[in-house]
Amino acid sequence: MHIRKQILNRDGEIVHNETLKQTARTREAAIAMITQWQQVFPVHGYNDIDDYWWGRQTDGEFRLNRWFIEGASD
């Protein structure tokens with residue numbers, strides 16, 4: 001499974017979109033990686049409607065980081 005990371009600006013435009021080099025064998029392993037990355041952001045969560053994890057800073061320029069799991073489910 002692959003993890004895709006996107007960064008959106010305040011207007012909701014995608015300003016960065018990449019498939020990360022790290023891979024996971026299971027969805028649970030991918031979730032563990034994502035939740036670890038989320039910890040650097042003071043505000044973070046999971047969007048269960050669109051199935052992605054997100055994180056953002058509380059100060060400075062607004063940037064919303066999103067992570068999606070891509071690939072076959074286990």
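The values are calculated or read from the model by the stated rules, or taken from the named source; none is laboratory data. The structure presented is a predicted model; accordingly, all values stated were derived computationally and were not measured. When we count neighbours, we look across all protein chains shown, and the Cβ atoms used for this are built from the backbone with ideal geometry, even at glycine.
Being surrounded by 13 or more Cβ atoms within 10 Å (Cβ to Cβ) and either modelled with pLDDT of 95 or more or hydroxyl-bearing (Ser, Thr, Tyr) (or both): is that true of Asn47 here? Show your work before the answer.
On the way: surrounded by 13 or more Cβ atoms within 10 Å (Cβ to Cβ): no; either modelled with pLDDT of 95 or more or hydroxyl-bearing (Ser, Thr, Tyr) (or both): yes.
Judged against the criteria, Asn47 is not a match.
Using the structure shown, decide if Gly71 is within 10 Å of Ile3 (Cα to Cα) and either in contact with a helix residue (DSSP H, G or I) (Cβ under 8 Å, 6 or more places away or on another chain) or at pLDDT below 95 (or both). Yes: the conditions hold for Gly71. The condition of being surrounded by 14 or more Cβ atoms within 10 Å (Cβ to Cβ), at pLDDT 95 or above and touching a Ser or Thr at 6+ places or on another chain (Cβ under 7 Å) holds for only one of Arg66, Arg4, that being Arg4. Pairs meeting the criteria (first residue in the range 33-51 and farther than 12 Å from Asn65 by Cβ and without any contact (Cβ under 8 Å) to a residue 12 or more places away in the chain, second residue of a type in the set (A, V, I, L, M, F, W, C) and in a strand (DSSP E or B), beta carbons under 6 Å, at least 6 apart or on different chains) are Tyr46/Trp53.
When Asp59 is tested against (1) surrounded by 12 or more Cβ atoms within 10 Å (Cβ to Cβ); (2) assigned to a loop (DSSP other than H, G, I, E, B), only condition (1) is not met. Could you grab me the full set of residues in the range 38-74 that are under 12 Å from the mean Cα position of the chain (by Cα) and hydroxyl-bearing (Ser, Thr, Tyr)? Tyr46, Tyr52, listed by residue number.
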